[in-house]
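Everything below concerns the one structure shown next.
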């Protein structure tokens, strides 16, 4: 979805406030961070679903809210959607009914942090593209979670790395299924993204899943359809 | 707060959020969905144990050990693992090298992707709208605001971490540090230099 989180290239935010050096600005933010990770460890949703929950915030609220407000909001949404808490419980702060789930112990927390969640996944179909290929990002205007930012849609870039196949974040967020898709690093000339504002030779690199990409030939063919 | 967690509540004042967080915490503890000791452990881990000191050790090793540097640039995940760092949000690492002609800079325009095992949790500015919006479209202006004036000839490469690959910038070793030990070099390496918004000097 191209919600308020899709910020690349947007104007009007002013200078970077470099005084914001810390990760946690308020004490409650530590709690939100820890509760989000700890609840994630219950295994009821994956990281991409967690990201999607934050992105679904009302755009005005997203932009007005601080980073950990997004997290708090996302966590509340997930807990309610998965039937782990009710809206009434959120309001009262008191439990009305138990759940069968078991909290991650500190030892389990250490294990999960240590092993992480690798996303590399074999079994993808043969790769459609190779390093050096020119590709165009498709203009799929999905309302679901995606890692293709608006500012590269319809733009042409060159594949500079093939990172193998990884869990496709879009599918993972939508259904929870771990579907392998090839992941490429695509280089875009800053000039092609921002025209005059950019210095010739500067570039922006993005990691893009294969379903986001079409070949240059396909792109040209789609333009020829205009004459039909 | 009557309409939580729907999408229509307004930007809440700090005291209201604090209250909301307190209620959520006691609710989750009562329902045994979180273990309070695990919450403490998570905060302690990322506040005190994991941070940019890890990344600085990686950089200093790369500056002093050419074969390590080659490994870091070819397979950063494996190279970083040899120093004992890895895991959550650093499962797939790529290291990009700053040189006299190329300056690399990292951002996550969609959220806040950041290499936790080597840099810890990101500073608030990294997650703020201004940096996320502008790092891709006007990196040179952003760098200037950080006090980094790049010569026009230096090519800027921005890395927008849109998938699960996490990027670490290998900053240039400052001049005049030929006699420094690996640990002295590590002291010079700033978090920001590994994000690509700082250029190092020996007189830090």
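What's the total number of residues in segment A:183-200 that are part of a helix (DSSP H, G or I) and surrounded by fewer than 22 Cβ atoms within 10 Å (Cβ to Cβ)? Summing the residues that are part of a helix (DSSP H, G or I) and surrounded by fewer than 22 Cβ atoms within 10 Å (Cβ to Cβ) in segment A:183-200 gives 7. Residue count for segment A:77-99 under the criterion of being within 30 Å of the chain's Cα centre (by Cα) and at pLDDT below 95: the result is 1.
Could you please find all residues in segment A:20-32 being assigned to a helix (DSSP H, G or I), more than 7 Å from chain B (Cβ to nearest Cβ) and either buried (at least 17 other Cβ atoms within 10 Å of the Cβ) or touching a strand residue (DSSP E or B) at 6+ places or on another chain (Cβ under 7 Å) (or both)?
Scanning segment A:20-32 gives a single hit, A:29.
Residues of segment B:119-160 being more than 7 Å from every other protein chain (Cβ to nearest Cβ), within 27 Å of residue A:116 (Cα to Cα) and outside any loop (DSSP other than H, G, I, E, B), which ones? Residues satisfying the conditions are B:119, B:126. Counting only residues that are crowded, with 16+ Cβ neighbours inside 10 Å and more than 19 Å from the chain's Cα centre (by Cα), which one in segment A:1-17 is nearest to residue B:139 (Cα to Cα)? Looking at residues that are crowded, with 16+ Cβ neighbours inside 10 Å and more than 19 Å from the chain's Cα centre (by Cα), I get A:16. Being facing chain A (nearest Cβ under 10 Å), closer than 25 Å to residue A:209 by Cβ and touching a residue at least 12 places away in the same chain (Cβ under 8 Å) is a property that does not hold for residue B:163.
Of all residues in segment A:175-206, exactly one satisfies the criterion of being under 19 Å from the mean Cα position of the chain (by Cα) and in contact (Cβ under 8 Å) with a residue 60 or more places away in the chain, namely A:176. Going by what's in this entry, would residue A:184 be described as within 17 Å of residue B:160 (Cα to Cα) and touching a helix residue (DSSP H, G or I) at 6+ places or on another chain (Cβ under 8 Å)? For residue A:184, the condition - within 17 Å of residue B:160 (Cα to Cα) and touching a helix residue (DSSP H, G or I) at 6+ places or on another chain (Cβ under 8 Å) - is met. Would you be able to say whether some residue in segment B:98-108 is closer than 27 Å to residue A:146 by Cα, touching a residue at least 40 places away in the same chain (Cβ under 8 Å) and assigned to a loop (DSSP other than H, G, I, E, B)? Within segment B:98-108 (the criterion being closer than 27 Å to residue A:146 by Cα, touching a residue at least 40 places away in the same chain (Cβ under 8 Å) and assigned to a loop (DSSP other than H, G, I, E, B)), the answer is yes, since at least one residue qualifies. Give segment A:1-19 a look and list any residue that's more than 24 Å from residue A:169 (Cα to Cα) and within 7 Å of chain B (Cβ to nearest Cβ), or say none. Within segment A:1-19, A:13, A:14, A:15, A:16, A:17, A:18 qualify.
Scan segment A:46-99 for residues that are over 26 Å from residue B:124 (Cα atoms) and more than 8 Å from every other protein chain (Cβ to nearest Cβ) and the total you get is 7. Is segment A:59-67 home to any residue that is farther than 24 Å from residue B:18 by Cα, outside any loop (DSSP other than H, G, I, E, B) and within 15 Å of the chain's Cα centre (by Cα)? No: segment A:59-67 contains no residue that is farther than 24 Å from residue B:18 by Cα, outside any loop (DSSP other than H, G, I, E, B) and within 15 Å of the chain's Cα centre (by Cα). Mind checking which residues of segment B:57-80 are out of contact with any helix residue (DSSP H, G or I) (no Cβ under 9 Å at 6 or more places or on another chain) and over 21 Å from residue B:178 (Cβ atoms)? Result: B:74, B:75, B:77.
Only residues that are facing another protein chain (nearest Cβ under 7 Å) and either crowded, with 16+ Cβ neighbours inside 10 Å or closer than 16 Å to residue B:30 by Cβ (or both) were counted across segment A:113-137, and they come to 3.
Looking only at segment B:173-204, residues that are in contact with a helix residue (DSSP H, G or I) (Cβ under 9 Å, 6 or more places away or on another chain), modelled with pLDDT of 95 or more, part of a loop (DSSP other than H, G, I, E, B) and away from every other protein chain (no Cβ under 14 Å) come to 8 in all. For segment A:68-108, residues that are farther than 22 Å from residue A:49 by Cα and either in a loop (DSSP other than H, G, I, E, B) or in contact with a strand residue (DSSP E or B) (Cβ under 6 Å, 6 or more places away or on another chain) (or both) total 7.
Every residue, every condition in (1) in the same structural domain as residue A:38 (by TED's automatic domain parsing); (2) in a loop (DSSP other than H, G, I, E, B), yes or no:
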{"site": "A:110", "(1), (2)": "yes, no"}
{"site": "A:123", "(1), (2)": "no, yes"}
{"site": "A:129", "(1), (2)": "no, yes"}
{"site": "A:145", "(1), (2)": "no, yes"}
{"site": "A:151", "(1), (2)": "no, no"}
{"site": "A:160", "(1), (2)": "no, no"}
{"site": "A:164", "(1), (2)": "no, no"}
{"site": "A:172", "(1), (2)": "no, no"}
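Within the span defined as segment A:201-210, one or more residues are modelled with pLDDT under 95, in a loop (DSSP other than H, G, I, E, B), surrounded by fewer than 18 Cβ atoms within 10 Å (Cβ to Cβ) and within 10 Å of chain B (Cβ to nearest Cβ). All of (1) farther than 21 Å from residue B:134 by Cβ; (2) buried (at least 17 other Cβ atoms within 10 Å of the Cβ); (3) more than 7 Å from every other protein chain (Cβ to nearest Cβ) hold for residue A:43 with one exception: (2).
The values are calculated or read from the model by the stated rules, or taken from the named source; none is laboratory data. These numbers come from a predicted model, not from an experiment. Cβ coordinates were reconstructed from backbone atoms using ideal geometry, including for glycine residues, and neighbour counts include every protein chain displayed.
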